[in-house]
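Derivation of every value follows stated rules applied to the coordinates shown; laboratory data play no part. Being a predicted model, the structure only gives us computed values, none of them experimental. Methodologically, a virtual Cβ is constructed for each residue, glycine included, from the backbone with ideal geometry; neighbour enumeration extends over all protein chains shown.
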Amino acid sequence: MNNILVEKKDKIAVVTINRPKALNALNSETLGEIEQVVLELEKDDEVRVVILTGSGEKAFVAGADIAEMSTLNTVEAYDFGKRGQGVFTLIENSSKPYIAAVNGFALGGGLELSLSCDFRIASDNAKFAIPEVTLGVIPGFGGTQRLPKIVGLGRAKEMLTTGAMISAEQADKWGLVNRVVTQEELLPACEEVAKKITRNSAYAITGGLKAMNEANQIKQEDGLEIEALMFGKAFTYPDQKEGMAAFLEKRRANFK
Ligand code: CAA
């Protein structure tokens with residue numbers, strides 16, 4: 001595997017997205033590898049809890065890969081959105097709890113990845129945003145459905161429309177993360193929580209998580225379909241070309 005590291009110890013797996021040169025951005029290859037790891041861990045009886053994090057001190061995941069997305073047409077973008085949605089839904093529906101250890105930027109698809117985990121613990125340098133509107137698109141990996149359920153509709157809409165980053169402290173106040181610790185404490189803190197989980201009944205945890213997810217997901221499938229259609233449609237407008245080209249050329253987008 002080129003972009004993922006997996007370490008297992010004491011019934012806990014730590015999965016690290018490892019593409020530091022692109023701030024761990026999710027390209028198709030990385031999405032495929034995450035899917036493979038999630039499916040393998042699901043079958044691994046030695047693993048009871050999964051901690052998901054990003055490599056380096058700067059980023060959890062800085063989003064879906066903008067260079068890869070920049071050339072997509074509407075059908076390809078719909079498929080790319082569906083691909084990400086599918087992998088993240090696999091995490092959400094896993095029988096094992098996933099803890100996101102958010103160690104830096106969690107932007108766009110990165111924030112959406114953390115939202116598919118059961119809960120999030122952040123380091124104090126973490127920053128959260130769904131900046132897709134600055135690129136002329138919308139969140140395409142489940143964010144429009146999951147973010148409002150966690151922070152509330154008004155806060156989610158502010159994040160969506162401004163694209164602005166919020167600090168770890170703000171994320172804590174909004175309930176987006178369960179707690180904030182220093183960078184050094186992040187993995188130990190997640191491991192401590194994970195260890196508590198491993199002492200409890202795996203069957204009961206799976207059942208409880210399933211019940212909570214079911215209650216929370218009425219019509220989410222319909223919402224995800226609308227999201228994929230709107231994400232794909234954004235790629236028919238010039239704003240997507242301008243927004244993504246501007247990012248890659250390191251300049252501010254000039255939307256008409
Ligand atoms: N995709 C591809 N490459 C990315 C990336 C991304 N999402 N985020 C960062 N990178 C790359 C940069 O292009 C840069 O590469 P080079 O060194 O080859 O130029 C490298 O990572 C380091 O990034 P910066 O030089 O930009 O680092 P910085 O410290 O100046 O800024 C940042 C950090 C604020 C996170 C900035 O990189 C940034 O704004 N990234 C994009 C964030 C974003 O818009 N994410 C949402 C993507 S859209 C999405 O996710 C859609 C969806 O829901 C499916």
*asked:* Need one number: the % of Cα-Cα pairs in the chain sitting beyond the 30 Å mark.
replied: 21 percent
*Fewest-first sequence of I218, I34 by Cβ atoms within 10 Å of each Cβ*: I218, I34
*Treating the angle as unsigned and between 0 and 90°, give the value, to the nearest 10°, between the Cα long axis of helix 238-248 and the longest Cα principal axis of the chain.*
60 degrees
*Evaluate the Kirkwood expression for the hydrodynamic radius of the stretch 62-102, namely the inverse of the mean inverse distance over all pairs of different C-alpha atoms, and round to one decimal in Å.*
11.9 Å
*asked:* With 10 angstrom as the radius, rank T53, T16, T71, T144 by how many other C-beta atoms surround their C-beta, starting from the fewest.
replied: T71, T16, T144, T53
*Viscosity 0.692 mPa s, 37 °C: Kirkwood-radius Stokes-Einstein D of the stretch 195-243 over Cα pairs, µm²/s*: 233 µm²/s
*What do you get when you divide the Cα radius of gyration of the stretch 94-151 by 2.2 N^0.38 Å, with N the number of residues?*
1.12
*Of Q240, Q36, Q145, which has the largest mean-square fluctuation in a 10 Å C-alpha GNM of the chain?*
Q36
_Dipole in debye (nearest 20) - the stretch 1-151, about Cα centre, beta carbon charges: Lys, Arg +1; Asp, Glu -1_ = 360 debye
*Using only the alpha carbons of the stretch 123-170, determine the length spanned along each of the three principal axes and report them from longest to shortest in whole angstroms.*
28, 23, 18
*Between Q170 and Y237, what length comes free when the chain is fully extended (0.36 nm per residue of separation minus the Cα-Cα distance, one decimal in nm)?*
20.8 nm
*asked:* Can you give the FRET efficiency to the nearest 0.05 for N93 and K9, using r as the Cβ-Cβ distance and R₀ = 22 Å?
replied: 0.30
*Calculate how steeply helix 74-92 sits against the longest principal axis of the alpha-carbon atoms of the chain, using the helix alpha-carbon long axis, and give the answer as 0 to 90 degrees to the nearest 10.*
20 degrees
*Most mobile of I99, I51, I12 in a GNM of the chain (Cα contacts under 10 Å)*: I12
_Sort V193, V75, V87 by Cβ crowding within 10 Å, fewest neighbours at the top._
V75, V193, V87
*Restricting things to alpha carbons, find the Rg to Rh ratio for the stretch 35-158 using the Kirkwood radius for Rh.*
0.97
*For every helix of n ≥ 4 consecutive DSSP H residues, a contribution of -39,500 (n - 2.57) applies; sum these over the chain, divide by its total residues, and give [θ] at 222 nm rounded to the nearest 500 deg cm²/dmol.*
-15500 deg cm²/dmol
*To the nearest 10 degrees, how steep is helix 153-162 against the longest Cα principal axis of the chain, on a 0 to 90 scale?*
50 degrees
*What percent do you get for the relative contact order of the stretch 4-184 when only Cα pairs under 8 Å and 6+ apart count?*
19 percent
